[in-house]
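Structure first, commentary second.
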Amino acid sequence: MTMTPQELSICREIHAGLTSPERNNLNYIFLEPVDASYFPTYLSIVKRPMDLRTLKENLEKGTYATKEDFYVDAKLIFDNAVLFNKD
């Protein structure tokens with residue numbers, strides 16, 4: 001199963017909104033993978049890292065079969081942030 005062109009377009013629009021320069025005061029920490037050299041415990045806490053760059057790469061190479069798969073990874077970005085910063 002693959003996304004329809006319309007679903008792919010919607011996912012691209014969502015990604016564009018999340019990475020919009022107008023939101024740089026909020027989104028900058030999610031744009032690139034977490035650098036574990038700055039946060040050495042990150043990978044022991046977060047088992048499946050995700051960021052907006054990887055989300056876009058996965059979208060463009062066809063990793064997501066459905067828009068729901070894309071949503072799961074988009075949500076994972078923020079779930080990981082909550083998990084890592086819970087204390």
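The values are calculated or read from the model by the stated rules, or taken from the named source; none is laboratory data. All values reported here derive from a predicted model rather than from experimental measurement. Quick reminder, even Gly has a Cβ in these numbers, built from the backbone with ideal geometry, and neighbours come from all protein chains shown. For accessibility, only protein heavy atoms count, side chains too; no ligands or nucleic acids. Shrake-Rupley method; radii C 1.70, N 1.55, O 1.52, S 1.80 Å.
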Quiz item: Which percent of the accessible area of the chain is formed by carbon and sulfur heavy atoms (probe 1.4 angstrom)?
Solution: 60 percent
Self-check item: Summed residue charge, Cβ within 13 Å of THR66's Cβ, Lys/Arg positive, Asp/Glu negative
Solution: -3
Exercise. Report the label-to-label distance for ASN27 and ALA81 in nanometres (one decimal), using points 7 Å from each Cα along the Cα→Cβ vector.
Key: 1.1 nm
Self-check item: Theoretical FRET efficiency, 1/(1+(r/R0)^6), r = Cβ-Cβ of GLU57 and GLN6, R0 22 Å, to 0.05
Solution: 0.55
Quiz item: For ASN27, what is the net charge nearby, where nearby means another residue's Cβ is under 14 Å from its Cβ and Lys, Arg count +1, Asp, Glu -1?
Solution: 0
Quiz item: Do any trypsin sites (Lys or Arg not before Pro) in the range 1-86 lie in a DSSP loop with no more than 15 other beta carbon atoms within 10 Å, and if so, which?
Solution: LYS47, LYS61, LYS86
Practice problem: Over the range 1-73, give the accessible area per residue in Å² for a 1.4 Å probe, as an integer. | Solution: 69 Å²
Quiz item: Just one of (1) 59, 47, 21; (2) 40, 30, 20; (3) 57, 26, 21 is Cα extents along the principal axes in Å as worked out from the coordinates here. Which one is it?
Solution: (2)
Practice problem: Please give every one of the lysines within straight-line cross-link reach of LYS47, meaning a C-alpha to C-alpha distance under 19 Å, and leave out same-chain neighbours fewer than 8 residues apart. | Solution: LYS75, LYS86
Quiz item: Where does the charge balance sit around LEU8 when Lys and Arg score +1, Asp and Glu -1, over other residues with C-beta under 15 Å from its C-beta?
Solution: -3
Quiz item: Rounded to the nearest 500 deg cm²/dmol, what is the calculated helix-only ellipticity per residue at 222 nm for the chain, with -39500 (n - 2.57) per DSSP H run of length n ≥ 4?
Solution: -16500 deg cm²/dmol
